[in-house]
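Structure in structure tokens, see below.
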Amino acid sequence: MSCEQIVEERAALRRVATLVARATPPEQMFATVAAEVGELLGNDVTGIIRLDPDGMASAVGGWSRSLHGPLFPIGTRVDPDGRNVVTLVSETGRPARIDDAAESSGAPADFARARGFGSVVGVPINVEGRLWGVMMAISLTAEPLPPDTEDRLAGFTDLVATAIANTQARVELRGAAEEQAALRRVATLVARAAPPKEVFAAVAAEAGQLLSADFAVLGRYEPNGTALYVAAWTRTGRDFPAGIQVPPGGRNVHTLVFESGCPARIDDYAAVSSGPASVVGKEWGFRATVCMPINVDGQLWGALSVASMNDKPMPSDTEDRLAGFTELVATAIANAETQAALTASRARIVAAADTARRRIERDLHDGPQQRLVSLALRVRTVQLSVPLDADELIRQLDEVTDGLAAAVDELREVARGIHPAVLAEGGLRPALKALARRSAIPVRLDIQTGERHPEPVETAAYYAVSEALTNAAKHSGATVVDVHVATRDGRLHVGIRDDGRGGAAPCRGSGLVGLTDRVEALGGQLRLHSPPGAGTTIRLTLPLTQQAPSEHTD
């Protein structure tokens, strides 16, 4: 090779290396390399072949000196069978050449003969120790390509391999970043205790989009193996509704996971799958699918599956990538079940306390209160028999009578504070009016609901207003308290605001702590806003439909 040729080759390699350093997209890189090789070596056609996982060979880069259209069209796929350069390089991993087209056979040879190819030299492209493809220099004449063609191609294949490795690394890094972002979005929902249905829908959508699937389905198993779809996502634009129930049986991923507790995949859905779940999948066009179990506290709870509508199997790392989502689903379910158990426990405690309050109020009314009233009547009877001139005795009996009357009034107040009879008998409106009358601070009531509500809801609202009025009288220095009560959207809304000094906090020992427990035990919310110098506002919402905790977390 002359000095001039060496200079030209180094210049060509330097131009390609610059493209590699700039992270040029693979398609542009392949086209440039093919052109540089053709111009430098003086061959008629340059081709870059990728060896695909399915065994086919794909044309990804090409160049030709011909002005009559490309002789190596990008996207062409052939089966590398028979004896030809592509097959020889694939089988040996070493450079190969065929100088006489008559000596070659197979689909690549048919492709070459149809285009008038003569001598062909191929050099392997190895990426990270594995054969990725073949770079070929091709002549359109009967003359063999120069004997140094293999060596001169090798310098370019090293650069192409570097570019491919860099591209794969960027793709993997971008994929990892996208996966972490998707998992982080779901984890955020789990961390803020979002409703399970919201988490399920997010998981289905995130997993389906991340894995470039056409469908993603999250199902919960019933004890008999029936899969209940609780969330679904599809790229097709059609609705894949949640709520479908699929009985077990046959060969399909849902049945395989239920029976084994292990991940399952079917790469040829149309030919291999069977059973009720298979019928659903075939109706929607599933061709390949992967399913991962969801285990909660060591027990199989359900499964997350993704499916595609093309003939290729799902990627080999699909199971591993789904695992992060199934773990988050399991955490969300465990958290929801724990929260449901806590809510149910708090509700039972609140109900037991209310029952005890009512019993104490009833016992006070029927016991000590009645005895005091009876004693007062007896003292009045005794007073009638006292001589009119026994002034001192009459005065003492009057003091006893007044004391008994005061004791009865105080006892009534105590009983009313424990559980007001007016609330149980008349409902929230008269009970709040009674509170307003007894308040040490003027109260402006705005009650926009007159119907009766569930007893736990009325009780919680009553005690919220009672606690707020008590705190305002003791600590706020307020001149007026506004109380607003209304129902909308299936919830009771209560707002209490004073014009006092503010600065209230639900600290230890505050009645707001117990009140918050009571409200949240009913599935409601209580919010306190009390900036210093700007008064105190308490807002609570309570669902008017009280339901028992569900057996399942949907």
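Since every read-out is calculated from the coordinates, none of them should be taken as a lab result. Since the model is a prediction, treat every value here as computed from it, not as a measurement. A quick note on method: Cβ atoms are made from the backbone with ideal geometry, for glycine too, and the neighbour counts reach across all protein chains shown.
Give me the dipole magnitude in Debye, nearest 20, for the stretch 430-470 about the Cα centre, with unit charges on the beta carbon: positive for Lys and Arg, negative for Asp and Glu.
Details: 5 positive and 5 negative charges, 52 e Å.
My answer is approximately 240 debye.
Follow-up. Hey, can you grab everything whose amide H is under 5 Å from the amide H of ASP214? Only 5+ residues off in sequence or another chain; H modelled, so Pro and N-termini drop out.
ALA307, SER308, MET309
In terms of the ratio Rg/(2.2 N^0.38 Å) built on C-alpha atoms, what value belongs to the stretch 74-165?
1.04
Now for a separate question. Under 30 Å from the Cα of LYS474, which lysines turn up, not counting those fewer than eight places away in the same chain?
LYS474 reaches LYS433.
Name the lysines eligible as straight-distance cross-link partners of LYS282: C-alpha to C-alpha under 24 Å, and not fewer than 8 places from it in the same chain.
Within reach: LYS312.
Per Stokes-Einstein, at 10 °C and 1.306 mPa s, what whole-number D in µm² s⁻¹ belongs to the stretch 427-554, with the Kirkwood radius over Cα pairs as the hydrodynamic radius? Please list the in-between numbers first.
Details: Rh = 15.0 Å.
It diffuses with D of about 106 µm²/s by this estimate.
Restricting attention to the alpha-carbon atoms of the stretch 3-171, what are Rg (one decimal) and Dmax (integer), both in Å?
Gyration radius and largest Cα-Cα distance of the stretch 3-171: 14.8, 44 Å.
Taking 8 Å as the Cα distance limit and 6 or more residues as the minimum spacing, I'd like the relative contact order of the stretch 461-537 as a percentage.
30 percent.
Can I ask one more? Could you tell me the distance between the Cα centroids of the stretch 80-117 and the stretch 456-521, to the nearest Å?
86
Give me the Debye-computed log₁₀ of I(q)/I(0) at q = 0.11, 0.15, 0.16 Å⁻¹ for the stretch 194-339, equal point scatterers on Cα only, no solvent, two decimals.
-0.34, -0.65, -0.75
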